[in-house]
Each structure stands twice: as structure tokens, then as C-alpha cells.
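Novice: Attaching a single structure in C-alpha cells format; questions to follow.
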Amino acid sequence: MKGLIQRVKHAKVEVSSESVGAIDHGILLLLGVEASDSEDTADKLLHKVLHYRIFGDEQGKMNLNVQQAGGGLLVVSQFTLVADTAKGLRPSFSRGASPQQANELYEYFLRQARAKMAAELPVAGGQFAADMQVSLCNDGPVTFLLEV
């Protein structure tokens, strides 16, 4: 499982010009699910996402996690993150989970995120397997690829 996190000032995802998820200050997570992933893998990545210190403290150092910074979390499924790009000029998706497995783990990840985030902090998601338009204002820019 791979997660590309971006510290954002705001982010939203639309399907057919309708907003399906949005946050202000926080993390946009693009989530890629591999065939070998499980709920345990999702739990490990979620822990890392929620505790990764990418927000500035009083001195401007990256010492705060998303909850300490009072930010939200927007999770968008993105199967292209698990593509094998080592050879040739066309990506291979052989490591990717089946659509059913990926959707189940994506929905599980969202449920767990909502359960673990502070109640007052928003958790939003995209729409699995939809043609989504994601817009964001990357703060920094700060972007990290997390793998478990």
C-alpha cells in the first residue's frame, strides 16, 4: 500500500462537476492499493499518515502531525500509484489489487480514519473508480510518498 501525502491549504475532489469531498488545511492522501495488501497494511499506513509530522510548530519546524495542527484528511483512491514503471514506456499494473479488493480496503481505510481522527476534524473521500478531478493548494510544497 502506498500513500502520497500532500500538506494542503485546501483540497477538493469532484465527480461530474459535483463536489464529493473537500477539506481546508490538512492532508490530501492519494491511496494506492496492491494485491498483497490487507486491513493490517491499511492500519499501518493510516497510523503513519495520522502521525507523520509535516506541519510547522511555533518555530516553523515540522514537528506536528495533522491532528495536532487541527487539519483535515481527504483520501482519494489512485491505482496508478502502484504501477511498475521500472521498464519501458508504459506502466504495468500487475501489482495492483483487483477493483473489489481495492474498494474494500479503500472503504476500510476511510472508516478507520473517521474513527481515529479527532471528532472535530474532517475526514472526506473521493468516489472509488470514478473519473475524479482533484484540486488542491499544496502548502510548501510538502509531499511525501509513504509505504508500508
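The values are calculated or read from the model by the stated rules, or taken from the named source; none is laboratory data. These figures come from a predicted structure and were not determined experimentally. As a convention, Cβ positions derive from the backbone with ideal geometry for all residues, glycine included, and neighbour counts pool all protein chains shown. Heads up: the accessible areas ignore ligands, DNA and RNA and are worked out on the full protein's heavy atoms, side chains in. Shrake-Rupley method; radii C 1.70, N 1.55, O 1.52, S 1.80 Å.
Novice: Could you list, in sequence order, the residues of segment 137-148 that are under 13 Å from the mean Cα position of the chain (by Cα) and open to solvent by 30 Å² or more (accessible area, probe 1.4 Å)?
Specialist: Those that are under 13 Å from the mean Cα position of the chain (by Cα) and open to solvent by 30 Å² or more (accessible area, probe 1.4 Å): THR143, PHE144, LEU145, GLU147.
Novice: Sort out which residues of segment 65-84 are more than 22 Å from GLY21 (Cβ to Cβ) and open to solvent by 40 Å² or more (accessible area, probe 1.4 Å), and write them in order of number.
Specialist: Matches in segment 65-84: GLN68, ASP84.
Novice: Looking only at segment 1-30, which residues are open to solvent by 10 Å² or more (accessible area, probe 1.4 Å) and touching a helix residue (DSSP H, G or I) at 6+ places or on another chain (Cβ under 7 Å)?
Specialist: LYS2, LEU4, LEU30
Novice: Show the residue pairs meeting these rules: Cβ distance below 7 Å; 6+ apart or different chains; first residue within segment 31-60 and open to solvent by 90 Å² or more (accessible area, probe 1.4 Å); second residue among the hydroxyl-bearing types (Ser, Thr, Tyr).
Specialist: As it stands, the answer is GLU39/TYR108, since those pairs meet every condition given.
Novice: Quick check on segment 96-132: of everything there that is surrounded by fewer than 13 Cβ atoms within 10 Å (Cβ to Cβ) and in contact (Cβ under 8 Å) with a residue 60 or more places away in the chain, which residue is farthest from ILE27 (Cα to Cα)?
Specialist: Filtering first and then ranking leaves SER98.
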